[in-house]
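S.K.: Have a look at the structure that comes next, please.
The values are calculated or read from the model by the stated rules, or taken from the named source; none is laboratory data. Predicted model, so just to flag it, every value in this text is computed and none were measured. Note: ideal-geometry Cβ built from the backbone for every residue, glycine included; neighbour counts use all protein chains shown. Just the protein is used for accessible areas: all its heavy atoms, side chains included, with ligands, DNA and RNA removed. Shrake-Rupley method; radii C 1.70, N 1.55, O 1.52, S 1.80 Å.
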Amino acid sequence: MTTIGLAGSGETASFVARQLARSHSVRILDTDNGSLHCDGAEQVNNATSLAKGADIIVLCSGSDEVREAMLRRPDWLEAGTADKRILIDMGQGDPDDTRSLAKQLSEVGITLVDAPLHTEDTAAVSEASAIFFGGSATVLDSVRSILEAVCPKVIPCGDAGSGHAMRLVVAAIAACNRLITYECAAMGARNGLTIADMAIVLNKSSGYNSASARVLPALAANERTANVTLGSWANDLTKASVVAMRYGAPMLIATMARSTLDAASNRLGESVTVDRLAGIWEIDSGLPAPGAG
Amino acid sequence: MRVGYIGLGAMGGALARHLIGKFPLSVFDLNQKAVDAFVELGATAAATPAELARNSDVVLLCLPRSSDVEAVLFGPNGVAQGLSSGKIVVDQTSGVPAETRGFARQLEEKGVLLFDAPVSGAMATAIAGTISIIASGPKEAFQRALPVLQSISPNVFHCGERVGNGQTMKTVNNMMNVSCRLATLEVVAMGRKFGLPLEVMTEAINATTARNYTSQGMLPAIAQGRQSTKFWLALQVKDIHQAIGLAAEQRVPMPIGGVARSILQIGLNSLGKEAQLEQMIGVIESMADTKFVDAATNAEFREAK
């Protein structure tokens with residue numbers, strides 16, 4: 001059985017570890033004081049122990065500092081015994097940093113590939129989630145079963161860094177879908193439409209988007225749609241904005257979305273889910289809160 | 001049931017064609033060529049909107065703006081002059097809900113019921129008879145006119161008895177569509193600048209919560225060199241101004257809608273009054289100084305795949 005060493009933190013890393021532990025031997029290194037949980041996985045205390053005996057290393061951290069520290073000083077990987085040392089970055093890095101890191105690490109015999117997971121709800125990962133793979137087709141062949149154990153949809157995007165770039169594209173549009181849905185639904189509701197009518201009509205019309213399909217029926221039924229956090233989305237959109245500025249892409253709407261998410265994250269807290277954004281539109285638009293009246 | 005249709009432009013003409021052969025049909029339009037085409041298919045040309053109304057039990061209108069509806073209803077030789085108690089007017093214009101409610105109140109004094117039933121969808125769906133019809137207004141009038149609407153498309157929705165709700169829904173739909181369209185295009189432009197191929201971005205977006213009407217329709221069409229919309233940009237700007245107006249009336253903040261409106265306005269000012277919505281693709285490309293389709297990159301990716 002393949003042994004996977006996973007270093008990371010938070011809900012996404014815990015989800016990845018749990019998925020992997022179903023079919024692989026997994027050992028985990030918590031990089032953030034107790035936020036990484038996985039029943040059945042062996043817990044280790046340092047990176048060297050993680051690498052020792054691991055066939056593949058997965059890095060899944062929401063912290064840029066942790067990613068930087070582990071990727072810029074890869075001495076710990078020398079403890080690994082695998083012939084080909086493959087490091088899969090499932091966190092969200094800056095695509096250009098990933099490109100340059102992959103090049104540097106290849107010079108010391110380490111293959112860095114990026115394979116970030118986009119999901120708004122890990123409980124429904126098979127429905128509208130995907131892993132975006134940046135790396136060679138040969139490496140993808142060798143790690144595909146590992147990635148598919150996390151999420152059945154794996155999309156090859158190009159060389160190292162392309163997976164991270166693709167995830168930023170997807171994250172930015174997904175965030176826009178949701179913010180646009182709240183904004184437009186608030187306008188409709190204040191002008192006399194019911195959320196239930198909008199859920200039916202808009203999703204059969206050209207206003208359809210993935211958020212309207214999930215969020216509007218959930219709002220009408222007072223249900224949740226996501227477990228991704230505001231802080232995570234704000235970070236994604238910030239990285240997307242940085243890439244846009246670097247490459248000279250205006251991205252007017254997504255930049256507005258970035259500001260909105262940062263404001264919401266500051267207002268409600270980084271750890272609340274993106275479903276809580278609905279409350280902001282309700283207050284800002286003068287709508288009654290769900291269940292009121 | 002005798003039916004009259006006023007406004008045989010691109011959308012109105014496509015909708016009215018479904019009524020030929022199903023109802024005795026009278027038509028009126030300022031464009032004589034459009035009228036002649038319907039007469040050849042068996043419709044009767046009315047000399048004035050008033051004459052059309054006298055010869056119809058149900059009068060449908062599909063005009064560019066609410067101001068045009070007002071002129072056709074209440075102007076000289078207007079529809080109102082030919083209406084009598086019990087007749088029904090169906091406004092399929094993407095109009096201003098409050099103004100439409102005003103028209104309904106005026107006609108009610110004559111015993112005439114008016115409801116709104118704008119449509120939502122691409123021109124291809126209007127031609128195919130699958131477009132969404134979003135009606136609102138008195139249930140009684142809606143039920144009586146329903147066979148006419150269902151002849152145009154089976155996808156008919158009724159959004160309450162308040163006249164104008166259909167137009168509000170259409171306006172919300174337009175705003176969502178335009179905002180998602182422009183957001184998708186501008187972010188994909190960023191991806192193109194990084195070097196991601198359009199085809200793989202389209203696959204990734206459509207596999208995830210990023211998917212929307214644009215990613216499913218316009219992005220594949222761009223990759224294949226096809227046109228995916230046929231709509232005047234000026235009318236799209238008008239629709240979005242209407243959405244911003246509805247938001248402002250109710251003091252609802254629309255920061256993203258406001259940015260989308262500005263981008264469309266820049267496009268219209270740059271391209272001119274005759275521009276099509278489809279040309280916004282080029283506007284977004286030039287704003288980002290990139291091209292969505294790079295044959296070499298796409299071919300390279302397909303080969304690698």
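S.K.: Would you be so kind as to list the residues of the range A:191-234 that have their accessible area lowered by at least 30 Å² in the full protein complex compared with their chain by itself (1.4 Å probe)?
M.R.: So the qualifying set is A:ASN191, A:LEU193, A:ASP197, A:VAL201, A:LEU202, A:LYS204, A:SER205, A:SER206, A:GLY207, A:TYR208, A:SER210.
S.K.: Also, quick follow-up: What translational D, rounded to a whole number of µm²/s, comes out for the range B:32-85 from Stokes-Einstein when the hydrodynamic radius is the Kirkwood one over Cα pairs, at 20 °C and 1.002 mPa s?
M.R.: After rounding, the answer is 182 µm²/s.
S.K.: Taking R0 as 22 Å, what's the FRET efficiency between B:ALA10 and B:ALA47 from their Cβ-Cβ distance, rounded to 0.05?
M.R.: Approximately 0.40, to the nearest 0.05.
S.K.: Next question, about the same structure. May I ask you to rank B:LYS273, A:LYS204 by accessible area, largest first, using a 1.4 Å probe over the protein chains only?
M.R.: The ordering from most to least exposed comes out as B:LYS273, A:LYS204.
S.K.: Now for a separate question. Report, by chain and number, residues whose modeled amide H sits under 5 Å from the one on B:VAL89, excluding near sequence neighbours (fewer than 5 apart, same chain).
M.R.: B:VAL59, B:LEU113, B:LEU114, B:PHE115
S.K.: Same structure, new question: Using θ = phi - 60° and the Karplus curve 6.51 cos²θ - 1.76 cosθ + 1.60, what whole-Hz ³J(HN,Hα) does each residue of the range B:201-212 get, with Gly and Pro shown as x?
M.R.: Values per residue, Gly and Pro as x: 5, 4, 4, 5, 5, 6, 8, 10, 6, 7, 5, 7 Hz.
S.K.: Let's test the formula: R0 of 35 Å, r as the Cβ-Cβ distance of B:LYS291 and B:ARG65. What FRET efficiency results, to the nearest 0.05?
M.R.: 0.50
S.K.: Using θ = phi - 60° and the Karplus curve 6.51 cos²θ - 1.76 cosθ + 1.60, what whole-Hz ³J(HN,Hα) does each residue of the range B:245-252 get, with Gly and Pro shown as x?
M.R.: Per-residue couplings from phi come out as x, 4, 5, 5, 4, 9, 6, 9 Hz.
S.K.: I've got another one for you. So for the range A:165-284, averaging the separation of alpha carbon pairs under 8 Å that are six or more residues apart and normalising by length, what relative contact order in percent results?
M.R.: Averaging sequence separation for qualifying contacts and normalising by length gives 32 percent for the range A:165-284.
S.K.: Return the calculated 222 nm mean residue ellipticity for the protein assembly as shown, to the nearest 500 deg cm²/dmol, obtained by summing -39500 (n - 2.57) across DSSP H runs with n ≥ 4 and dividing by the residue count.
M.R.: Rounded to the nearest 500, the figure is -16500 deg cm²/dmol.
S.K.: Take chain B, connect every pair of alpha-carbon atoms lying under 10 Å apart with a spring to form a Gaussian network, then pick out the residue of B:GLY82, B:GLY13, B:GLY42 with the largest mean-square fluctuation.
M.R.: The residue with the greatest mean-square fluctuation here is B:GLY42.
S.K.: Please list, in order along the range A:17-27, the HN-Hα scalar couplings obtained from phi with the Karplus expression 6.51 cos²θ - 1.76 cosθ + 1.60 (θ = phi - 60°), rounded to whole Hz, x for Gly and Pro.
M.R.: My calculation for the range A:17-27 gives 4, 5, 4, 5, 5, 5, 10, 9, 7, 10, 10 Hz in order.
S.K.: Next question, about the same structure. Roughly how many Å² is the accessible area per residue of the range A:120-207, as a whole number, for a 1.4 Å probe?
M.R.: Averaged over the residues of the range A:120-207, the accessible area is 26 Å².
S.K.: Give the accessible area for B:PHE103 in Å² (nearest 10); use a 1.4 Å probe, count only protein heavy atoms, and leave out ligands, DNA and RNA.
M.R.: It works out to around 10 Å².
S.K.: OK, next. List, largest first, the extents of the alpha carbons of the range A:87-212 along their principal axes, each in whole Å.
M.R.: Dimensions of the range A:87-212 along the principal axes of its Cα atoms: 64, 26, 21 Å.
S.K.: So between A:ARG267 and A:SER136, what do we pick up on full extension, going 0.36 nm a residue minus the alpha carbon distance?
M.R.: 43.0 nm
S.K.: The range B:177-221 to the range A:142-205: how many Å between their Cα centroids?
M.R.: 11 Å
S.K.: I would also like to ask the following. Return the ratio Rg/(2.2 N^0.38 Å) for the range B:3-162, where Rg is computed over Cα atoms only.
M.R.: This ratio for the range B:3-162 stands at 0.92.
S.K.: With N denoting the number of residues in the range A:3-159, provide Rg(C-alpha) divided by 2.2 N^0.38 Å, to two decimal places.
M.R.: Relative to the rule-of-thumb radius for its length, the range A:3-159 sits at 0.93.
S.K.: Moving on. Within 10 Å of each candidate Cβ there may be at most 16 other Cβ atoms; applying that plus a DSSP loop requirement, which GluC sites (Glu not before Pro) in the range A:78-126 survive?
M.R.: Sites meeting the loop and neighbour criteria: A:GLU107.
S.K.: Same structure again: Largest first and in whole Å, give the semi-axes of the protein assembly as shown's equivalent ellipsoid, each being the square root of 5 times a Cα gyration tensor eigenvalue.
M.R.: Semi-axis lengths for the protein assembly as shown are 54, 24, 19 Å.
S.K.: Please arrange B:ASP68, B:ASP289 by accessible surface area, largest first, computed with a 1.4 Å probe and ligands excluded.
M.R.: B:ASP289, B:ASP68
S.K.: Now a separate question. Please report the relative contact order for chain B, taking Cα pairs under 8 Å with a sequence separation of at least 6, and give it as a percent rounded to a whole number.
M.R.: Relative contact order comes out at 13 percent.
S.K.: Now a separate question. Any idea what the dipole of the range A:165-284 comes to, in debye rounded to 20, about its Cα centre with Lys/Arg Cβ at +1 and Asp/Glu Cβ at -1?
M.R.: 300 debye
S.K.: Please work out the Kirkwood hydrodynamic radius for chain B, using every pair of different C-alpha atoms, and report it in angstroms with one decimal place.
M.R.: After inverting the mean inverse Cα-Cα distance, the result is 20.6 Å.
S.K.: Same structure again: Which residues of the range A:151-173 bury at least 50 Å² of accessible area once all protein chains are present, versus their chain alone (1.4 Å probe)?
M.R.: Output list: A:ILE155, A:MET166, A:VAL169, A:ILE173.
S.K.: Using only protein heavy atoms and a 1.4 Å probe, how much accessible area in total is buried between A and B, to the nearest 100 Å²?
M.R.: Separately minus together, A and B give about 5500 Å² buried.
S.K.: Right, something else. Please list, by residue number, every one of the GluC sites (Glu not before Pro) in the range A:205-284 that is coil in DSSP and has at most 12 other beta-carbon atoms within 10 Å.
M.R.: A:GLU223
S.K.: On C-alpha positions alone, give me the angle between the axis of helix A:230-247 and the longest principal axis of chain A, in degrees, nearest 10.
M.R.: Between helix and principal axis, roughly 80 degrees.
S.K.: Could you report chain B's accessible area per residue, 1.4 Å probe, as an integer in Å²?
M.R.: Value returned for chain B: 38 Å² of accessible area per residue.
S.K.: Using a probe of 1.4 angstrom, how much of the accessible area of the protein assembly as shown is carbon and sulfur, in percent?
M.R.: 50 percent
S.K.: Run through the range B:127-232 and list the chymotrypsin sites (Phe, Trp or Tyr not before Pro) located in a DSSP loop whose Cβ has at most 16 other Cβ atoms within 10 Å.
M.R.: Sparse-neighbourhood loop chymotrypsin sites (Phe, Trp or Tyr not before Pro): B:PHE231.
S.K.: Under the rule that an exposed site lies in a DSSP loop and has at most 16 other Cβ atoms within 10 Å, name the longest stretch of chain B with no GluC sites (Glu not before Pro) of that kind, not counting the sites themselves.
M.R.: The longest such stretch corresponds to B:162-273.
S.K.: Using the scaling law 2.2 N^0.38 Å as the reference, what is the normalised Cα Rg of the range B:175-242?
M.R.: 1.16
S.K.: Measure nothing but the geometry: give the 0 to 90° angle between the long axis through the Cα atoms of B:213-224 and the longest principal axis through the Cα atoms of chain B, rounded to 10°.
M.R.: Result, in degrees: 60.
S.K.: Could you tell me the accessible area of A:THR31 in Å² (1.4 Å probe, neighbours in place), rounded to the nearest ten?
M.R.: 40 Å²
S.K.: Measure nothing but the geometry: give the 0 to 90° angle between the long axis through the Cα atoms of A:137-150 and the longest principal axis through the Cα atoms of chain A, rounded to 10°.
M.R.: The two axes meet at around 60 degrees.
S.K.: Something else now. How big is the convex hull of the Cα atoms of chain A, per residue, in Å³?
M.R.: 137 Å³
S.K.: Of all the C-alpha pairs in the range A:165-284, what % are more than 17 Å from each other?
M.R.: Result for the distance tail: 55 percent.
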